[in-house]
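The structure appears below as structure tokens.
The values are calculated or read from the model by the stated rules, or taken from the named source; none is laboratory data. No experiment lies behind these values; they were computed from the predicted model shown. Cβ placement follows ideal geometry from the backbone for every residue including glycine, while neighbour counts extend to all protein chains displayed.
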């Protein structure tokens, strides 16, 4: 969700920004904030938020460094933490978020870019070399560590269709789109890991409804290049919402 231009800037963020001009960009449901830091040296993004059991910025930094040689993702400048909070500083990338007003006004091109970009992740990153997992047992264990009682019906996933390295949060805002309407990069890879491709596809399709309105689900699947799988789509949507 967007945050107001006069949002309070945490002291740690100010210190990380130095002389850069700070622009608030995003606030997540856990209280995390993202700022754009603009200076003569370029543009950086500073993420700051409470330490949680769901994901960590240290884990995201590890994933970004692993994926960087193979995929267009933000370069890590700095990562750290104290007793209560954590932070991550990355270089900016070309492109606008798929939910920037420009692309919300052109949902056909935006959805196509999100679907094609997601397929590019799955095709580019090597499962055999990935040290991270986002498979159902790991997600259930993570939910349990946070005190979430996942319904019994979700404890037995459908058979795996195709293992890929999933984004882990394939919602539309995490794809960047260039001026020509093609995807250019991906951000927010804190949960990246090996899993069935439908774990990402289901979330990406669901997010089209949140960000562009009804009617774009099939366009996302077409852009990705897959026929609908009602069972896997339903299962991974419910798992996402439950955890």
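Assorted remarks:
- Failed item in (1) touching a residue at least 24 places away in the same chain (Cβ under 8 Å); (2) farther than 18 Å from residue 198 by Cα, with residue 128 passing the rest: (1)
- Residues of region 46-59 that turn out to be surrounded by 13 or more Cβ atoms within 10 Å (Cβ to Cβ) and not in a loop (DSSP other than H, G, I, E, B), as a count: 7
- Of all residue pairs spaced 6 or more apart or on separate chains, those with beta-carbon atoms under 7 Å, a first member in region 202-213 that is over 18 Å from residue 228 (Cβ atoms) and a second member that is not in a helix (DSSP H, G or I) are 211/99.
- Residue 88 being in contact with a helix residue (DSSP H, G or I) (Cβ under 7 Å, 6 or more places away or on another chain), closer than 20 Å to residue 168 by Cα and exposed (fewer than 14 other Cβ atoms within 10 Å of the Cβ): no
- Residue list for region 147-176, restricted to those being buried (at least 21 other Cβ atoms within 10 Å of the Cβ) and within 19 Å of residue 67 (Cβ to Cβ): 164, 165, 166, 167, 168, 169, 170, 174, 175, 176
- Every residue from region 10-45 that is in contact (Cβ under 8 Å) with a residue 40 or more places away in the chain and part of a loop (DSSP other than H, G, I, E, B): 10
- Close contacts from region 82-93, counting a first residue that is under 15 Å from residue 33 (Cβ atoms) and a second that is assigned to a loop (DSSP other than H, G, I, E, B) and modelled with pLDDT of 95 or more, with Cβ to Cβ under 6 Å and a gap of 6+ residues or different chains, come to 90/74.
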